[in-house]
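Written below as structure tokens is the structure these notes are about.
Readers should treat all values here as calculations from the given coordinates under stated rules, not as data from a laboratory. The shown structure was predicted, so the numbers you read here are calculated from the model rather than taken from an experiment. So basically every Cβ, Gly included, is an ideal-geometry build from the backbone, and we count neighbours across all protein chains shown.
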Amino acid sequence: MPIMLLDDSLKVEVFYEETDEAFADNICICFEEDCPPNEKIFIADETNIFLTPEQATQLAAALVTAIAESRVAARER
């Protein structure tokens, strides 16, 4: 399921890359940009970062922690 960010100019997809099953880092985070060159974050239109399951777990945990902190801060306002 794609996640659209930055006014829909950055598509992020996370998936298990079956063709890379022989490698430890077979979880892909794919970034695709559709914006003018002067607004790009990445050099290429598509950039892939491959993670091991352990790294993906760490990233997921960091996101969950940030979400919890954001919700607490929102309640305190």
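Residues that are surrounded by fewer than 13 Cβ atoms within 10 Å (Cβ to Cβ) and under 11 Å from the mean Cα position of the chain (by Cα) within region 46-58 comprise just one, N48. For region 65-77, a residue qualifies if it is of a type in the set (A, V, I, L, M, F, W, C) and either assigned to a strand (DSSP E or B) or farther than 18 Å from M1 by Cβ (or both), and the qualifying residues are A66, A68, V72, A73, A74.
With E32, E13, E18 as the choices, which residue is in contact with a Pro (Cβ under 6 Å, 6 or more places away or on another chain) and closer than 18 Å to M1 by Cβ?
E13
For region 10-45, the set of residues classified as in contact with a Lys or Arg (Cβ under 9 Å, 6 or more places away or on another chain) and either exposed (fewer than 13 other Cβ atoms within 10 Å of the Cβ) or in a loop (DSSP other than H, G, I, E, B) (or both) consists of D34 only. Is there a residue in region 51-60 that is in contact with a Cys (Cβ under 9 Å, 6 or more places away or on another chain), of a type in the set (A, V, I, L, M, F, W, C) and either touching a residue at least 24 places away in the same chain (Cβ under 8 Å) or outside any loop (DSSP other than H, G, I, E, B) (or both)? Checked region 51-60: at least one residue is in contact with a Cys (Cβ under 9 Å, 6 or more places away or on another chain), of a type in the set (A, V, I, L, M, F, W, C) and either touching a residue at least 24 places away in the same chain (Cβ under 8 Å) or outside any loop (DSSP other than H, G, I, E, B) (or both).
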